[in-house]
Every structure is written in C-alpha cells, then in structure tokens.
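Trainee: Below: one structure in structure tokens.
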Amino acid sequence: MFLPTILSDFVGLLFPRVCLACQEPLARGEDHICTTCRTQLPYTDYHRLAAADNPLARRFWGKLPIRHTLSYLRFQKHGRVQHLLHQLKYRGQQDVGRILGRWYGQELTAAGLHTDFDLIVPVPLHTRKLAQRGYNQADSFAEGLATGLQLPWQAAALQRTTYTNSQTRKNRIQRWQNVEAVFEVTHPEVVQQQRILLVDDVLTTGATLEACAAALLAAGALQVSIATIATADR
Ligand SMILES: [Zn+2]
C-alpha cells in the first residue's frame, strides 16, 4: 500500500490532477471534481418540485406530453458548470458526463424516480460531427445515469437523418419541421412500450429534445422523460 501511494503522489507532482470544474488541485481521494465544487455546484433540484412548479416542464407544455423534465445543474456563464461542459464537449473529458450522471442517477433513485423509467436514450450527434469529435457528449451522461439509476441505456436507439441546413429563409413552422425531420428511431422494437429517459448535455430552447421525443412517441414509446446535465435560462 505504501509504495503505490508514494508513486501516485510522485506522478501527481509531475502531472497535477485538477478539478474539472474549478481547476484547483485535487486532494487525495477526490475524483475529477473536488469536494468544494460538489458541495457548491448550482443544483436545480427540480426533481423535488411538482410538475406545475417546474419551470423546465413549461417549455414543453402544449407541445408534447413529457413525464418528467429534469436538469441537474444551472448553467452559468464563465462559471463552474460552463467549464465542466466545455471539458466534456471539447476536451475529451467524458468522465464529466459519467460522474455527473452517476451522482444525478443516485439522487433521482433516492427520490424514488428510478421506477418511472425503463430505458435511457441519449440525443444522437450527426455522424459527421461524431467523426470530428470522436464521441457523443450525451453518451457518457447516459452511461453515468444508467449506473446511478441501475437501468439500461441504448446509444443507437435514435439517429440523425439529415444535417441541419441554413434555416434563415424558413418560417418558424418550417424550421420546426426541419428539426423534427432529422431524427428517426432505428429499431422501434427497442423503444416500443418503454418509458424512455431521453438525455442530453444542455437544455436551452428544448427544440432538439422535443424532436427526439416526438420521434420516440411516434415509434411507440409509452412515455418520454427528459434529463440534461445543465439548463440555460432563456
Ligand atoms: Zn473544484
């Protein structure tokens, strides 16, 4: 036990491990996100609210029946959450998604919500973007949630069919239809009669999540709920 500790301390001197949220050095035993950040991250706690009081749920009212609309953190410009999302999306730090997904999944389980879902499905990236980045940032969050909720996840349930073109000359409804048209369910039997937890990194307008949810419901999913790492105020 003694030697590996010295060795890891020595490696730590050469390559200091820093918190992925605040960039301060991590203490021994801390894993990717420091204890201070874990305590102080801006949690929404929307899963504790009734649907009528959840401001995120309102973004889908009158559009689609969404069972739960959940987001773990509040996006703050130049803050810890923006830094975490940047690490996840552009720096290859998929551990951000796995860790936050696991913590959130454990919290949702403690609140009794794990019995409301059967299958976790991430919002897909277009294959061209997937090839550029090498990974879908929503996958690691889905994987972490699957661990925390003790549920299966399915990366390939949805796919994007066309690349979104310039939308400047279209009216609002045409734009929406264009977004709606870019997702399809690859294997309907995987989602049929399932209560799906649809996940992505950020919830902004909700248009992408709405299009995915519509495709899932059209393919025979029993219910769709939504969970993202962060939500941006509009
Ligand atoms: Zn930190």
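Trainee: Being at pLDDT 90 or above and buried (at least 20 other Cβ atoms within 10 Å of the Cβ) is the filter here; which residues of the stretch 42-70 pass it?
Mentor: Tyr46, His47, Leu56, Ile66, His68, Thr69, Leu70 - these are the residues of the stretch 42-70 that are at pLDDT 90 or above and buried (at least 20 other Cβ atoms within 10 Å of the Cβ).
Trainee: Checking Arg28 against (1) over 24 Å from Leu203 (Cα atoms); (2) touching a strand residue (DSSP E or B) at 6+ places or on another chain (Cβ under 9 Å), which test does it fail?
Mentor: Exception for Arg28: condition (2).
Trainee: Quick one: is Leu73 in contact with a helix residue (DSSP H, G or I) (Cβ under 6 Å, 6 or more places away or on another chain), modelled with pLDDT of 90 or more and surrounded by fewer than 18 Cβ atoms within 10 Å (Cβ to Cβ)? Break it down into steps so the answer makes sense when it comes.
Mentor: On the way: in contact with a helix residue (DSSP H, G or I) (Cβ under 6 Å, 6 or more places away or on another chain): yes; modelled with pLDDT of 90 or more: yes; surrounded by fewer than 18 Cβ atoms within 10 Å (Cβ to Cβ): no.
For Leu73, the condition - in contact with a helix residue (DSSP H, G or I) (Cβ under 6 Å, 6 or more places away or on another chain), modelled with pLDDT of 90 or more and surrounded by fewer than 18 Cβ atoms within 10 Å (Cβ to Cβ) - is not met.
Trainee: While we're on this one: How many residues, within the stretch 51-89, are over 21 Å from Gly148 (Cα atoms), touching a residue at least 12 places away in the same chain (Cβ under 8 Å) and in a helix (DSSP H, G or I)?
Mentor: 8
Trainee: Could you grab the pairs with beta carbons closer than 7 Å, sequence gap of 6+ or different chains, first residue in the stretch 124-143 and in contact (Cβ under 8 Å) with a residue 60 or more places away in the chain and assigned by TED's automatic domain parsing to the domain that holds Lys89, second one among the small types (Gly, Ala, Ser) and surrounded by 13 or more Cβ atoms within 10 Å (Cβ to Cβ)?
Mentor: Between residues of the stretch 124-143 that are in contact (Cβ under 8 Å) with a residue 60 or more places away in the chain and assigned by TED's automatic domain parsing to the domain that holds Lys89 and residues that are among the small types (Gly, Ala, Ser) and surrounded by 13 or more Cβ atoms within 10 Å (Cβ to Cβ), the close pairs are Gln137/Gly97; Phe141/Gly97; Phe141/Gly101.
Trainee: Moving on to the next point. Let me spell it out: the conditions are (1) modelled with pLDDT under 95; (2) crowded, with 21+ Cβ neighbours inside 10 Å, and Ala155 meets all of them except one. Which number is the exception?
Mentor: Failing condition for Ala155: (2).
Trainee: Continuing with the same structure: Among Arg160, Arg172, which is within 15 Å of Ala207 (Cβ to Cβ), modelled with pLDDT of 55 or more, surrounded by 15 or more Cβ atoms within 10 Å (Cβ to Cβ) and not β-branched (Val, Ile, Thr)?
Mentor: On the way: Arg172 fails: surrounded by 15 or more Cβ atoms within 10 Å (Cβ to Cβ).
Residue meeting the stated conditions: Arg160.
Trainee: For the stretch 190-234, how many residues are among the acidic types (Asp, Glu) and either part of a strand (DSSP E or B) or at pLDDT 95 or above (or both)?
Mentor: Residues that pass the stated criteria total 2.
The values are calculated or read from the model by the stated rules, or taken from the named source; none is laboratory data. Predicted model only: the values in this text are computed from it and were never measured. Cβ: placed from backbone, ideal geometry, glycine included. Neighbour counts: every protein chain shown.
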